[in-house]
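Reading through the structure tokens given below for one structure.
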Amino acid sequence: MQDAQDEPLFVQRVAGPGIAKAGVEVTIRVPSDTSPGRRQQETRAFGTTRRELESLADWLGSWGVTTAGMEATGDYWKPVFFLIESRGFDCELYNAAQVKALPGRPKTDRADSIWIAKITERGMIASSFVPPEPIRRLRTHTRYRRHLTQARTAEKQRAGKLLEDGHLKLSSVISDIHGVSGRDMLNAIAAGQRDPRALAQLARGSMRGKIRRLEEALDCSFFTGQHAAVLAMMLAAIDYYSAQIEVLTATIEELAGPYLHQVEQLDEVPGIGTICARDIIAEIGVNMAVFPTAAHLVSRARFSPRARQSAGKRKGSNSTGRGNPYLGAALGEAGISTGRTQTFPGARYRRLTRRMPRKKALVATGNSILTAAYALLSDPDARYIDLGPDYYEQRMHTRRQARNHIKSLERLGCKVTIQALSPDTGELLAPAS
């Protein structure tokens, strides 16, 4: 039997705050003053007001603490994290799912604080990404704008259902009832207009070619005054959300001013516009040094399937898991947009949908978009160069392409024979004897 030397601690002087809404249990662990090689610890309780947190930071400083690790508990961790960080301490934020009580260990706030301190000093868990303060300010606005946009969309959907309840089939004729023509008609209906002909005459542009259909769809025989009153409330709510979104967008443009170059870089990627670029920057920042590789960033966003294998067999459905919903929404919108473009990512999305569900193809496309974003943000001089929609066809062997087309036609019940054409004249070549 030989003596084994323990691995050196990751951090010598640490603190482990156990955070709740109204209080914080903090344990510090530092080298022992009396017994070399041993540790000493102390636990104290603090409130969550600014005065209490300032006292907490002073106490940590008196013991020479350098690093504080804490669990991401709701939003309660933010005041503690941001104040301690502002005082010059290194802060580590851990995923709550990874900080779990061991079987048989008592579950108390004090025990949690001690456990978090031990996790921090040993470096047992990788810390979560917390962006710097300018990015956090930008993130606050972009996330709230997304919430307001979702609320406005929900209100528009309720307005469409209200029209159906009043037997107004406007959505059967106009694809977007909240466009210019549709909104004029809705305002007139809410104001009391019930004449289908007068309502149909509010159509503009190409919509005027549907006057007759609009007159039939705008029959207000079953549309009551109660319907009109509720519709007026819905339209007012939609206008309110639109005004708030415009104010937020102006503020976001101002906050994203220092990152104008990065926004222009991301804007070159198919499917990513300036709004989506700002949303992505607000979630991942512009300093890609915090992610060792693009694969680390994609994995953090949960846009790569997680392989689970046991005893040589793959387990589960290889789902990606739950990641950042705001980043996922931005990448999803970008993937849908790029699927409609004649670009390499668009061709890739359409190619993938032939052999997998659209949602999986969308995740794969989002993976590629985020990888491209990582490469662009890592190099200020980098520019996006599209490979073209015919990239796969150029690299694929001619016979392989022909074989794939034949198989597709055979699945439809067709029999196909191939005869080569002359590349110069286009005439049929005689079969080889």
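The values are calculated or read from the model by the stated rules, or taken from the named source; none is laboratory data. From a predicted model like this one, the values you see are computed outputs, not experimental measurements. Here Cβ is always computed from backbone atoms with ideal geometry, including for glycine, and neighbour counts include all displayed protein chains. These accessible areas exclude ligands, DNA and RNA; they are computed on the full protein's heavy atoms, side chains included. Shrake-Rupley method; radii C 1.70, N 1.55, O 1.52, S 1.80 Å.
Of note:
- Of all residues in region 326-344 being among the hydroxyl-bearing types (Ser, Thr, Tyr) and in contact with an Asp or Glu (Cβ under 6 Å, 6 or more places away or on another chain), the one that is nearest to His147 (Cα to Cα): Tyr326
- Selection from region 370-383 of residues that are in contact with a helix residue (DSSP H, G or I) (Cβ under 8 Å, 6 or more places away or on another chain) and either assigned to a loop (DSSP other than H, G, I, E, B) or more than 30 Å from Gly332 (Cβ to Cβ) (or both): Pro380, Ala382, Arg383
- Residues (more than 21 Å from Ala330 (Cα to Cα), small (Gly, Ala, Ser) and touching a residue at least 24 places away in the same chain (Cβ under 8 Å)) located in region 139-166: Ala159, Gly166
- All conditions in (1) of a type outside the set (Ser, Thr, Tyr); (2) touching an Asp or Glu at 6+ places or on another chain (Cβ under 7 Å); (3) modelled with pLDDT of 90 or more hold for Ala96, with the sole exception of (3).
- Top-ranked residue in region 91-133 [being acidic (Asp, Glu) and in contact with a helix residue (DSSP H, G or I) (Cβ under 9 Å, 6 or more places away or on another chain); ranked as surrounded by the most Cβ atoms within 10 Å (Cβ to Cβ)]: Glu92
- Taking the criterion of being open to solvent by 20 Å² or more (accessible area, probe 1.4 Å), assigned to a helix (DSSP H, G or I) and not aliphatic (A, V, I, L, M), the only residue of region 280-297 that qualifies is His296.
- Filter result (open to solvent by 70 Å² or more (accessible area, probe 1.4 Å) and among the acidic types (Asp, Glu)) within region 168-188: Asp176
- Hits in region 384-421 (condition: in a loop (DSSP other than H, G, I, E, B) and surrounded by 10 or more Cβ atoms within 10 Å (Cβ to Cβ)): Tyr384, Asp386, Leu387, Gly388, Pro389, Asp390, Met396, Val416, Ala420
- The single residue among Ala228, Ala203, Ala256 that is surrounded by 17 or more Cβ atoms within 10 Å (Cβ to Cβ), of a type in the set (A, V, I, L, M) and in contact with a Ser or Thr (Cβ under 6 Å, 6 or more places away or on another chain) turns out to be Ala203.
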